[in-house]
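Colleague: This is the structure, below, for whatever I ask next.
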Amino acid sequence: MKDIKTRALVKIVLACFALFLAIYYWPQAAGFLGVVLKAFVPLLLGLALAYPLSILMSFYERHFFPNSQRKAVLKTRAGLCLLFAIITLLAIVALVLWLVIPQLAACLMLLLSAIPEALRQLADWLVRTGIAEELVARLTEWAQNFDWQSRLEGIVSAVLGGATDVVGMVAGVVTTAVSGIATAFITIIFAIYVLLGRRKLASQCGRLMERYLGERLRGKIRYVLGVFNDCFHRFIVGQCTEALILGTLCMLGMMLLGLPYAPMIGALTAFCALIPIVGAFIAAGVGAFVILVQSPVQALIFLIFIVVLQQLEGNLIYPHVVGSSLQLPGIWVLAAVTVGGSVLGIFGMLLGVPIAAGCYRLLRSDVNKIPASAPGDEPPG
């Protein structure tokens, strides 16, 4: 008993000493952690990419001879299912681009073609009101009193002195581009390796936990990881399903009302629906602006339609598709989106809801004294 207390006391002292060093040498520690985190960025991005792909991969694995014991099937199942998952993801991205880019280009061309007429009307208004003559007089007076020689000398010296900065800026841009390409390549390769060897990795992690952790701690870790995995899985599947339903309803409704750019705005609405709560406002604002270029009346009709659609989505679609699966009250969804968005922007909005749902389920289980057995065992409430 005395040895156990001594070991516990030594651990507490060492932990306090490590905390003191981390606080006292915080700038150096933060710099070191930044370097380490930067080195792990491609691997973390690879894990982030592998997770949604694993959902698609698991779907295909459930339908690709799941009960077959033939060697050819067992050897090729993982690779083929991963290939189908990547093709599915690329097809979704290609479909969205095919729906958005042509109509977005048409909208921009319409906007550019309207600029000359708008400028002409502005010039006529300036002439009719007499503002144009006053502007010309003031510009003439300003040009006569302006010290052109000193300004030109300053511009020439600035250009000559900034040549080195331009070279450095170009070198920085090239370096950033090459680094980004390398990071993307490593991310994709690492995600593929993780997906192809995920069962082996899970087995290795399990053996490490059995070797260095006690049975009780292993059970708690598995339970916590299972809860968060369940929440992220439910959130991704539910959010994608809800986005598909909402985008389809938006496109069909706009077609029935005769509104322009229905496929583009429908795809935009589906994409923005992946962002909880605020995505609807983003889609409504962008869609109204695009339609406003062609017709203000149709833009008003679109706003009325999107408000009705959002009410339908908020009261019927989202609670049944996403809300009930996550079992997270609406107030905590709003809090998770707000805090996550302030910390990590759009990615924080996406990650905040499943993380908050996982923490909520764990806390509720602990408060209700539910044993840590498996996700989903706790009663609703």
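The values are calculated or read from the model by the stated rules, or taken from the named source; none is laboratory data. Fair warning: this is a prediction, and the values are worked out from it, not measured in the lab. Virtual Cβ from ideal backbone geometry, glycine too; neighbours counted across all protein chains shown.
Colleague: Is it the case that the stretch 336-352 has a residue that's over 15 Å from the mean Cα position of the chain (by Cα), at pLDDT 75 or above and either surrounded by fewer than 16 Cβ atoms within 10 Å (Cβ to Cβ) or polar (S, T, N, Q) (or both)?
Modeller: For the stretch 336-352, residues over 15 Å from the mean Cα position of the chain (by Cα), at pLDDT 75 or above and either surrounded by fewer than 16 Cβ atoms within 10 Å (Cβ to Cβ) or polar (S, T, N, Q) (or both): absent.
Colleague: Kindly indicate whether Arg62 is of a type in the set (Lys, Arg) and touching an Asp or Glu at 6+ places or on another chain (Cβ under 8 Å).
Modeller: So Arg62 does not fit the description; no.
Colleague: Out of all the residues in the stretch 284-327, which are of a type in the set (A, V, I, L, M, F, W, C) and at pLDDT below 75?
Modeller: Leu316, Ile317, Val321, Val322, Leu326 - these are the residues of the stretch 284-327 that are of a type in the set (A, V, I, L, M, F, W, C) and at pLDDT below 75.
Yes/no per residue for (1) within 23 Å of the chain's Cα centre (by Cα); (2) surrounded by 16 or more Cβ atoms within 10 Å (Cβ to Cβ); (3) more than 24 Å from Leu350 (Cβ to Cβ):
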position	(1), (2), (3)
Leu256	no, no, yes
Leu259	no, yes, yes
Ala267	yes, yes, no
Ile282	yes, yes, no
Ile291	no, yes, yes
Gln294	no, yes, yes
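Colleague: Find all pairs meeting these conditions: Cβ atoms under 8 angstrom apart; at least six residues apart or on different chains; first residue within the stretch 326-349 and in a loop (DSSP other than H, G, I, E, B); second residue surrounded by fewer than 16 Cβ atoms within 10 Å (Cβ to Cβ) and modelled with pLDDT under 75.
Modeller: Within 8 Å, the pairs are Gln327/Pro380.
Colleague: Being under 30 Å from Ile101 (Cα atoms), among the small types (Gly, Ala, Ser) and at pLDDT 80 or above: is that true of Gly358 here?
Modeller: No.
Colleague: So, Leu246, is that one without any contact (Cβ under 8 Å) to a residue 12 or more places away in the chain, assigned to a helix (DSSP H, G or I) and of a type in the set (A, V, I, L, M, F, W, C) or not?
Modeller: So Leu246 fails the test.
Colleague: Let me ask something additional. From the residues in the stretch 195-254 that are over 19 Å from the mean Cα position of the chain (by Cα) and under 24 Å from Leu309 (Cβ atoms), which one is surrounded by the fewest Cβ atoms within 10 Å (Cβ to Cβ)?
Modeller: Among them, the one singled out is Leu252.
Colleague: Can you find a residue in the stretch 38-52 that is β-branched (Val, Ile, Thr), closer than 21 Å to Ala184 by Cβ and either touching a residue at least 12 places away in the same chain (Cβ under 8 Å) or not in a helix (DSSP H, G or I) (or both)?
Modeller: Scanning the stretch 38-52 turns up at least one residue that is β-branched (Val, Ile, Thr), closer than 21 Å to Ala184 by Cβ and either touching a residue at least 12 places away in the same chain (Cβ under 8 Å) or not in a helix (DSSP H, G or I) (or both).
Colleague: All but one of (1) of a type in the set (A, V, I, L, M, F, W, C); (2) surrounded by 14 or more Cβ atoms within 10 Å (Cβ to Cβ); (3) at pLDDT 85 or above hold for Cys272; state the number of the condition that does not hold.
Modeller: Only one criterion is unmet by Cys272, namely (3).
Colleague: Taking the conditions exactly as written (farther than 28 Å from Tyr51 by Cα, not in a helix (DSSP H, G or I) and not β-branched (Val, Ile, Thr)), does Leu252 satisfy them or not?
Modeller: Criteria not met by Leu252.
Colleague: Take the residues in the stretch 65-106 that are of a type in the set (S, T, N, Q) and not in a helix (DSSP H, G or I), then tell me which one is farthest from Leu268 (Cα to Cα).
Modeller: Gln69
Colleague: Name the pairs whose Cβ atoms lie under 7 Å apart, with the first residue in the stretch 272-294 and under 15 Å from Met251 (Cα atoms), the second charged (D, E, K, R), and 6 or more positions between them or separate chains?
Modeller: Listed pairs, sorted by first residue: Ala273/Glu242.
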